[in-house]
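The values are calculated or read from the model by the stated rules, or taken from the named source; none is laboratory data. Every value quoted in this text rests on a predicted model; they were computed, and no experiment measured them. FYI the Cβ positions are ideal-geometry reconstructions off the backbone, even for glycines, and counts take in every protein chain you see.
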């Protein structure tokens, strides 16, 4: 993945990962979707997601950053910031 990835591209990648890992219908995934209440992702799933995002970006999201994310938009923003570093 390159640091020039747009937020749209990050959202598309994240949507694919959520579909693949957690069998979430794409129609349920929007930027406003809450990971925990809308998509039923629990703390174990979140750890798995962080590992997968590290594989995607080649960089590790800091735990304090991931603890602050609630929505798909938050994840996209966190990834965009990580790639911009």
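Points worth noting:
- Checking each residue in segment 58-68 for being at pLDDT 90 or above and outside any loop (DSSP other than H, G, I, E, B) picks out only 68.
Here is a yes/no grid of residues against (1) touching a helix residue (DSSP H, G or I) at 6+ places or on another chain (Cβ under 8 Å); (2) outside any loop (DSSP other than H, G, I, E, B); (3) exposed (fewer than 13 other Cβ atoms within 10 Å of the Cβ):
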{"position": "11", "(1), (2), (3)": "yes, yes, no"}
{"position": "21", "(1), (2), (3)": "yes, yes, no"}
{"position": "24", "(1), (2), (3)": "yes, no, no"}
{"position": "37", "(1), (2), (3)": "no, no, yes"}
{"position": "44", "(1), (2), (3)": "no, yes, yes"}
{"position": "49", "(1), (2), (3)": "yes, yes, no"}
{"position": "78", "(1), (2), (3)": "yes, yes, no"}
